[in-house]
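Notes to accompany the following structure.
Only the coordinates and a few stated rules stand behind these numbers; no lab work does. Given the structure is predicted, the values throughout are model-derived calculations rather than measurements. Every residue, glycine among them, receives a Cβ derived from its backbone with ideal geometry; neighbour counts consider all protein chains shown.
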Amino acid sequence: MKIHCIQVFVLVMALIFLTSCTTPPKAEHEAAPKKPEMTIQIASINLANINRRIDRSNIGELAKILKKEQIEVLAVQGISRYPGVTTRVDFVNELSAKTDWRNAFGEMQNISGRQTGNAIFSVYPILSHQNFSWDVVKSSSFEAALQATIDAGSASLIVVSTELPQKATASERAQCIKMMAALNPDTSNRFTIVTGNLSADEAYRTANAFAEVLPPEPVKSTNSKIWYTETPLFQLLSSRSMETGLGTLMIAQFGLLRSQHH
């Protein structure tokens, strides 16, 4: 009888010990990571190195890709336009007509009826836009940057489409990057995305709080990169690239979270 009682006691104590070792319920403050309030698909492409005429079929093909990939904001660099020349298709007007998107265009050069520049297309309202040249950079010839503020609903996006001076020194590129970072005075409510031939050293990029979008797959060649402001409220969800008839299309999906202060 005594041995039986000891066995029962040991069994009871073992059960109590096992019960106390079970995983406690998750504390209320350990909430699951917040899901983005909204997502947005942004793409960029550079046309500067295309040495042939772009016709309606090329633009139509690009418009189909943009629709299939659910792109909402597109930055384009190195556009050539021929105002008043009826035999040439206007890239900006044609793409806007095929996508029903809003657009902003920033001129870089206008010589003998040929106009070059950068553009930003958006399914969302473009609240404002401005074009500024890199005159402060000695090596600049005609390059410029187009900046647009886009109303994405829960947040404002500052999107820059730029051609940096081809012959710029490292310090001159750093100066350009610093100027673009300064376009957003309120990082708590606005997010900056910079696109174009961003070949500056990594140190200059990180010094201005920019992160680079790197697609998981190898890219043949691209002269249109995507940078963005690195903040907990603006997250890169995915990235990829696509080869089109007009060059490499860089694509990034971002998630926007609402600030806890709102």
Count - residues of the stretch 69-83 that are part of a strand (DSSP E or B), farther than 17 Å from residue 102 by Cβ and in contact (Cβ under 8 Å) with a residue 60 or more places away in the chain: 2
Candidates 165, 215, filtered to the one that is free of Cβ contacts under 8 Å to residues at least 40 places away in the same chain, assigned to a loop (DSSP other than H, G, I, E, B) and under 13 Å from the mean Cα position of the chain (by Cα): 215
Residue 121: of a type outside the set (Lys, Arg), without any contact (Cβ under 8 Å) to a residue 60 or more places away in the chain and surrounded by 18 or more Cβ atoms within 10 Å (Cβ to Cβ), yes or no? yes
Find the residue count for the stretch 124-138, including only residues that are assigned to a loop (DSSP other than H, G, I, E, B), surrounded by 14 or more Cβ atoms within 10 Å (Cβ to Cβ) and either out of contact with any Cys (no Cβ under 8 Å at 6 or more places or on another chain) or not β-branched (Val, Ile, Thr) (or both). 2
